[in-house]
Each structure stands twice: as C-alpha cells, then as structure tokens.
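The block underneath contains the structure these notes are about, expressed in structure tokens.
The values are calculated or read from the model by the stated rules, or taken from the named source; none is laboratory data. Small disclaimer: the values here were computed from a predicted structure and weren't measured. Quick reminder, even Gly has a Cβ in these numbers, built from the backbone with ideal geometry, and neighbours come from all protein chains shown.
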C-alpha cells in the first residue's frame, strides 16, 4: 500500500465482501488489491466499528477518516510538521542558481537525520510546488485587449543580388476573445519598426481595442515596473494617436499574456511550417506569404469549440466593438534639441541635412520635431520654421525669409542670369530683347552685363575664334 490511498469504492467492496464471509484471499482478488492491504483496511475499520453494515452507512468523508487515519502521520512523529515548515524556504531556494532538490535533501537530512528519504522528499516537495503553481481561467471580453509579443524564432528571405540571407524578427498580436491575430516580419525590433507594426496591426483589424498588453521589450518599455512602467515616447505618441491604453506584462511572467504565447506556437505550426520550403526574395514577399497563411489560419475551424472559426467570431462579435481608426495615418515623430549655428541653420543628425531658421535665433537652443515628411523647429513652444524633410546628406534647405537682408540681396544677385535678363527684356518689347541679346553675347561673365546695363554702347557682333 505504501502511503497510496485506495478509492472509497474499493473500501466499501472490501467491507461488503467481509460481511458475506469471504476470505482475505478472495476479497483481494475481487477488488484487485494486495492481501496485506485488504487486511490493513479491515483492521482499521473493524477496530472503529465492528458492525460492517453501520460502516457502510457512513458517508465517504466519515469512512475515509476511519480508513485513512493511520496514513496521516501521528502528532508525536513531528516529521510532517517540520517538513511543511521548511517548504516555503525550499521553494525560494530552488529559484537560486545551482540549487537542486538533491542538495536541499542532503541539507535537510543533516539537520534532521530521521527525516524523509529522498523519494518521499521529492514527492512531497513536488506536490507543494504544484499547489503553489495554480493557474486561473480568465474570460476575455470582446474588443477589450490586444496582446503583443515577438516570436522566439525568426523567418528569413534571400537578397537576390548578393545571395545574403536576411533574418527577420516576427511580430505577433492577438485578440484573446476571438483568437484573431496579426503576424508580420520586421527588419528589426527597433522602436520605429515595432511602433509601425502595431499601427499596421490596428489597420489589419480595422479598429482599435481598448488596451494593448506588451511584453517588457526595450522598443516599448523604458523602465519595467509592475504598477507604473515607463513607456518610450514613440509608444506614448501611438497611444495618443489611436486612443489606446498600453500596459506591460510583469517581467518573466509569460502567463500574464497566455493568448499571445499560444498564438506564437500556432504561428510555428500554421505559418512557419508551411513556409519552410519556400524562399522569399524580399521582406515584402515574405509578408505576402505570411498573410496568405494567416488567412488560412483564421478560416480553420476551432478544434475545441463547437463550430465556427476565428474569422467568423471576430467579424460577428469583436470587430463591431473596436474603436474607429483615426482619419489620418500615424506618423512617427522624433523630437531632438539643437542649437542654431552662425549660418542660421540647424542639423538633423539622422540625415545630416541642414535646415534654416530665422537669423534672429542664432545661438538659441531650439526644439526640432520631425516626421518622415516634415521638419518643424520650435523656440519656447512657438514654431519658427517649417520645412519639407530632405534626406540629401550634407545639403542645405534654406528659405529666403530666414536670411539677413544682405544675404538675401546677394542671393537675388546670384539670380541675375541670362534667362532673367532675357525675360525682363521680353516684357519691355522686341527691340529691347534684341539689344539685350547683343549685350549678353559680348560678355564673358553674366555679372558684367549689370555694370553696363544703363550705359549706351556701340553694338558689335562678336566672331567666334
């Protein structure tokens, strides 16, 4: 028997057979137990009550106290009480590097030589750990939360020109209620790519959930905290643009986001596996293949639910509850500080391109806010310059209105080209046009024509050498 509890049905069969006068050997064969086990249960029950019919009338709880009471350790033993007192400390010790159950048992036997053997020690410790590792079932509300994470394994594509294999992290987001998900291969896990993937997920869903739950990724969380995590500025911008609140799971607690953890496994089975023999030649091609497999995944019937699939559940119950997408697409905004140089320009280090500001702000410290399309310059919360973003390295974008008067006049002089004079002459009349053409043909430098513009001269036709 060895501390193994017999089912109450077997104990009642033992008592019934004994009341009919059957021998121990026959009873053991009938109930499928060892003879000594049958004898032990009979001795315990009959020692408490000689009448077997009275024992059979007892409830299972009352009969179990009689049949199992000797299995519980006696108070005078003290081993169980001492063991249970040590359990919380052992559970903490097991989380430390290099600590094993074998080591804990050796230390336990040194402190209590008459304690449990190694098999009993491990079994009781394992049972305690299972009790502490209980899980809770959650009922998710439709449209309430989007769980976000990266898959542990990457996908890849081959550059056709170089033959180089480019590995791509895979972004996964899932709505727990319906299981409807979004999967995308990204160039990297940098902030810009991560934020853009979340925006793409909202666009794919056709709406915005109330909350987004992310892992403690550096691309989204600056400082992990169970109650008040600090998110990156880009994620805060995304939150404001879409009206979606973001939360962070606890560090090293995957059960905080079980739905996306499960979705990662499904992605391995239903996206990674079907694509294992295909080779994409671009990131866009890889994502097109992912989308095709993702559509099949959403249309596949549930295995543990009666009827339906993820697509039907999402469209019928969850999509109507999502908030509408903003009218404008999300633009990643970068915010940096800069000092206006003596040439009344500031530089954006990401592109190494220079942009002008009014010359009155030379040596002032300004704030530069730029997106993929525009560059704005602020001084004391007042916008002083607006430019279209350029990615020409070491080049200048200058507005004439930002220049000092002398610089602006010099720029105007630089604009006195042959075309400029001919256009002015054409506006005056044909005779003036002929005269200006003759003057321009006699000058090696266009600027010399400005000196003699108002001086009468004899017009001669030059002959090329």
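Of all strands (runs of 3 or more DSSP E) completely enclosed by region 186-288, which ones contain at least 3 residues that are crowded, with 17+ Cβ neighbours inside 10 Å?
211-214
Select, from 376, 419, 360, the only residue that is out of contact with any helix residue (DSSP H, G or I) (no Cβ under 6 Å at 6 or more places or on another chain) and outside the structural domain of residue 338 (by TED's automatic domain parsing).
Answer to the selection: 419.
So which of 353, 297 is surrounded by 15 or more Cβ atoms within 10 Å (Cβ to Cβ), farther than 30 Å from residue 167 by Cα, modelled with pLDDT of 90 or more and touching a strand residue (DSSP E or B) at 6+ places or on another chain (Cβ under 8 Å)?
Result of the check over 353, 297: 353.
Under 30 Å from residue 368 (Cβ atoms) and in contact with a helix residue (DSSP H, G or I) (Cβ under 8 Å, 6 or more places away or on another chain) - does that describe any residue in region 286-293?
no
Listed here are the residues, each with its yes/no results for (1) outside any loop (DSSP other than H, G, I, E, B); (2) surrounded by 15 or more Cβ atoms within 10 Å (Cβ to Cβ); (3) modelled with pLDDT under 90.
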position: 327; (1), (2), (3): no, no, no
position: 342; (1), (2), (3): no, no, no
position: 386; (1), (2), (3): yes, no, no
position: 391; (1), (2), (3): no, no, yes
position: 421; (1), (2), (3): yes, yes, yes
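For residues that are farther than 30 Å from residue 437 by Cα and surrounded by 14 or more Cβ atoms within 10 Å (Cβ to Cβ), tally how many sit in region 400-419.
Total satisfying the criteria: 2.
Just checking: which of the helices (runs of 4 or more DSSP H) contained wholly in region 33-133 hold 3 or more residues that are within 51 Å of the chain's Cα centre (by Cα) and outside the structural domain of residue 22 (by TED's automatic domain parsing)?
Once the helices (runs of 4 or more DSSP H) in region 33-133 are filtered for at least 3 residues that are within 51 Å of the chain's Cα centre (by Cα) and outside the structural domain of residue 22 (by TED's automatic domain parsing), what remains is 79-94, 101-111, 118-132.
Is one or more of the residues making up region 304-324 surrounded by fewer than 16 Cβ atoms within 10 Å (Cβ to Cβ), more than 21 Å from the chain's Cα centre (by Cα) and within 28 Å of residue 373 (Cβ to Cβ)?
yes
Can you tell me which residue is modelled with the lowest pLDDT among those in region 300-315 that are touching a strand residue (DSSP E or B) at 6+ places or on another chain (Cβ under 8 Å) and farther than 16 Å from residue 274 by Cα?
307
Is one or more of the residues making up region 396-412 closer than 23 Å to residue 192 by Cβ and out of contact with any helix residue (DSSP H, G or I) (no Cβ under 8 Å at 6 or more places or on another chain)?
Yes, because at least one residue in region 396-412 is closer than 23 Å to residue 192 by Cβ and out of contact with any helix residue (DSSP H, G or I) (no Cβ under 8 Å at 6 or more places or on another chain).
Can you pull out every residue in region 157-201 that is on the phi > 0 side of the Ramachandran plot and free of Cβ contacts under 8 Å to residues at least 40 places away in the same chain?
Within region 157-201, 163 is the sole residue that qualifies.
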